[in-house]
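Accompanying notes for the structure given below.
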Amino acid sequence: MPGGAASYDPEAVRARYLAERDRRLVPGRADIRDLRTDEHFARYRDDPFTPFVDRDPVADNVDVVIVGGGIAGLLAGAQLRKAGVERIRIVDQAGGVGGTWYWNRYPGVMCDVESTIYLPMLEELGTIPTRRYAFGGEILAHLEAVADRFDLGTDALFHTGVTGARWQEDTARWRVRTDRGDELTCRWYVLAVGILNLLKLPAIAGMEDFAGPSFHTARWDYGTTGGGPDEPLTGLADKVVGLIGTGATGIQCVPPLAASAKHLYVFQRTPSAIGERGNRPTDPGFAAGLEPGWQRARMDNFQAIMMGRPTEVDLIDDGWTHHYAAVQHPPRDEGMTTAEYLRRAEKLDYAVMEAHRHRVEELVSDRATAEILKPYYRYICKRPCFHDEYLQALNNPNVTLVDCPAGMERITGQGPVVDGKQFEVDCLIYGTGFQAELTPLFRRSGHDIVGRGGVTLAGKWADGASSLYGMMSRGFPNLFVMPAPGQQAVVTVNYTQLAVLGAEFVGGAIGQLEARGVEVFDVSAEAEEAWTERIVGSYVDSSAVMSACTPSRINNEGHPEAMNPRNGNYGRGLGDWFGYRELLEGWLRDGRFEGLELEVRSTAP
Ligand code: NDP
């Protein structure tokens, strides 16, 4: 590995990493403007892509309401269709399906998980992605095709936010209200709100004074920039642009912005570790050798490697399987003590980070710029990034990288101020991400979910999740929550694989419940207690290692000790994916509805 570990001095490395952490671990670092209530920035949430059309409120009774028309909601809908469910309404704030791929249309948007495992239902739709890593437009078109195939768009209510859902004991239905005055009732209620649905807008002094156009990357304003996701941003030819954020989103925007703007300032708080992506058109022979079931097998191969399981072949063979899997699961020799193993893990991590720092040196010509781009923290500390053009784009003479490890001082009418220096920009773009995994489900769902006895999910989960399989919760009958990180399920780098499993479970379970004439299910107290105990029991407190990390979403912005074991995973660490799937599939197979209390109708429908 280039840069290797030959000159490795663990004490010196630790000291350097801690010093870099401390430059970033500053008060107020995680403060945000809450876009749900912030009047000044309320327009940041508006949909720039689809005109809002007035409509009459809808009042009806359906089988299933699904909140969210992204990957999880669409897959749940598809599986429900397969189970024979007819009346399904997806409700989404967006103007169409696609979820995160509906909203994120910034220039250069793509997915760094391989397209053959990220795009769901490729076999059902007979589709082969055009590139190894798909751009956003192709992903959105594919998700629209899934919606069409299973007729999920016709009855969907778009540009509609759910304002409340309440369980009706007398009718054994959920009553769902929306901000368009709709009143829906449904037998089954499915939450598929995702983890990237709440924009994160940092609180920066003076930000509301900025005089020019500004927006978040998940609501790209092509009216200001001109062009499109794959077209030159013609409106920026005479504009100075400021981009805040260098995470997975920020780095993807930089090459197109650099190509179009008069000048681009990139404000970087923490450099990402940016590995090679190696994008290319899909091999023309790829489809020829595929057997039925190939996509699941390919997803499983990736997942097995990500979990450190021995495999004969690495089908994906990219930075995730080489670097991420390696540092998560260093080989452990027989008889090795924990301390020895941890030292090995640290050394391996160092070698991987050295390779990333070396890549910066190779690709960035200005030495000072290269220095501030080098990530000094462990690879496990932050979500890694992959890109083939980002670092090179920083060599453009019209691009300036501005180092602001403690964040920017303030924003004035003219633009950001860093270290007392005013950067004058015409347009300011926030690539500052989302209130993601650690944000509780009840906040991400954006509405009160009121179960039996008037208990809210927010109230019940205030001190952490409490569930069966991370998908059902006692006191909230007939409610399914699609599995996601931070809520007693498992974590997968390829989110689609988790959504596929969740959807198969929801579709399979509702199909069986309907067939058995079950009117109401609730989770038994014992089953929920047992599941929650398993989650808490397998929680590994990694705060000793993670507190040395640069602050990030993964370590709770520098406070891993405050993470709640109840919001952990099934199994240690990121969770036991294969064990979790076996449990869910076994539960469906044996058809005994174990862990549920059922009320059965006298006659099946
Ligand atoms: P991130 O949260 O990963 O990054 C936000 C960026 O904004 C960071 O660089 C952060 O700095 C910076 N930032 C936040 N607040 C401030 C501030 N006050 N001053 C200066 N900088 C600030 O968001 P992204 O949108 O990049 O990515 C979010 C997630 O979306 C990813 O983790 C991934 O899950 C998904 N995604 C996936 C893609 C894919 O290819 N699969 C592509 C894009 C997104 P700091 O690092 O210091 O916090």
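The values are calculated or read from the model by the stated rules, or taken from the named source; none is laboratory data. Quantities reported herein were computed from a predicted structural model and do not represent experimental measurements. Neighbour counts are summed over all protein chains in view; Cβ atoms, including those assigned to glycine, are modelled from backbone coordinates with ideal geometry. The area values use the complete protein model at the heavy-atom level, side chains included, leaving out ligands, DNA and RNA. Shrake-Rupley method; radii C 1.70, N 1.55, O 1.52, S 1.80 Å.
Structure values in brief
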quantity: Verdict on residue 450 being farther than 18 Å from residue 483 by Cα and either among the hydroxyl-bearing types (Ser, Thr, Tyr) or away from the ligand (no atom under 16 Å from the Cβ) (or both); calculated: yes
quantity: Hey, residue 99 within 16 Å of the ligand (Cβ to nearest atom) and closer than 19 Å to residue 179 by Cα or not; calculated: yes
quantity: Exclusive hit being outside any helix (DSSP H, G or I) and either of a type outside the set (A, V, I, L, M, F, W, C) or open to solvent by less than 10 Å² (accessible area, probe 1.4 Å) (or both), set 298, 277; calculated: 277
quantity: Sole residue being without any contact (Cβ under 8 Å) to a residue 12 or more places away in the chain and not assigned by TED's automatic domain parsing to the domain that holds residue 246, chosen from 179, 170; calculated: 170
quantity: Candidate set from the stretch 313-352 (those that are of a type in the set (Ser, Thr, Tyr) and farther than 17 Å from residue 8 by Cα); member that is most open to solvent (accessible area, probe 1.4 Å); calculated: 338
quantity: Which listed residue, of 248, 258, is farther than 12 Å from residue 427 by Cβ, away from the ligand (no atom under 16 Å from the Cβ) and at pLDDT 95 or above; calculated: 258
quantity: Any hit, the stretch 98-106, residues being open to solvent by 20 Å² or more (accessible area, probe 1.4 Å) and part of a strand (DSSP E or B); calculated: no
quantity: Options 22, 38; residue that is farther than 30 Å from residue 154 by Cα and not in a loop (DSSP other than H, G, I, E, B); calculated: 22
quantity: Close pairs from the stretch 79-100: first touching a residue at least 12 places away in the same chain (Cβ under 8 Å) and farther than 11 Å from residue 151 by Cα, partner within 16 Å of the ligand (Cβ to nearest atom) and assigned to a strand (DSSP E or B), Cβ under 9 Å, at least 6 apart; calculated: 100/434
quantity: Among residues of the stretch 186-238, those that are in a helix (DSSP H, G or I) and surrounded by fewer than 22 Cβ atoms within 10 Å (Cβ to Cβ), counted; calculated: 9
quantity: Any hit, the stretch 145-157, residues being touching a Phe, Trp or Tyr at 6+ places or on another chain (Cβ under 9 Å) and at pLDDT 95 or above; calculated: no
quantity: Among (1) assigned to a loop (DSSP other than H, G, I, E, B); (2) in contact with a helix residue (DSSP H, G or I) (Cβ under 7 Å, 6 or more places away or on another chain); (3) aromatic (Phe, Trp, Tyr) - the single one residue 52 does not satisfy; calculated: (2)
quantity: Meets criteria (more than 12 Å from the ligand (Cβ to nearest atom), more than 26 Å from the chain's Cα centre (by Cα) and either under 30 Å from residue 24 (Cβ atoms) or touching a residue at least 24 places away in the same chain (Cβ under 8 Å) (or both)) for residue 230; calculated: no
quantity: Any hit, the stretch 499-506, residues being within 16 Å of the ligand (Cβ to nearest atom), in the same structural domain as residue 74 (by TED's automatic domain parsing), in contact (Cβ under 8 Å) with a residue 12 or more places away in the chain and open to solvent by 10 Å² or more (accessible area, probe 1.4 Å); calculated: no
quantity: Search result, residues across the stretch 411-445 that are of a type in the set (Val, Ile, Thr) and either more than 25 Å from residue 361 (Cβ to Cβ) or assigned to a loop (DSSP other than H, G, I, E, B) (or both); calculated: 411, 412, 417, 425, 429, 432, 439
quantity: Residue identified as open to solvent by less than 70 Å² (accessible area, probe 1.4 Å), over 23 Å from the mean Cα position of the chain (by Cα) and modelled with pLDDT of 95 or more among 594, 528; calculated: 528
quantity: Test: residue in the stretch 256-265 that is free of Cβ contacts under 8 Å to residues at least 60 places away in the same chain and open to solvent by 30 Å² or more (accessible area, probe 1.4 Å); calculated: no
quantity: From the options 380, 411, residue that is among the β-branched types (Val, Ile, Thr) and open to solvent by less than 10 Å² (accessible area, probe 1.4 Å); calculated: 411
quantity: Among residues of the stretch 428-442, those that are open to solvent by 40 Å² or more (accessible area, probe 1.4 Å) and within 23 Å of residue 382 (Cβ to Cβ), counted; calculated: 3
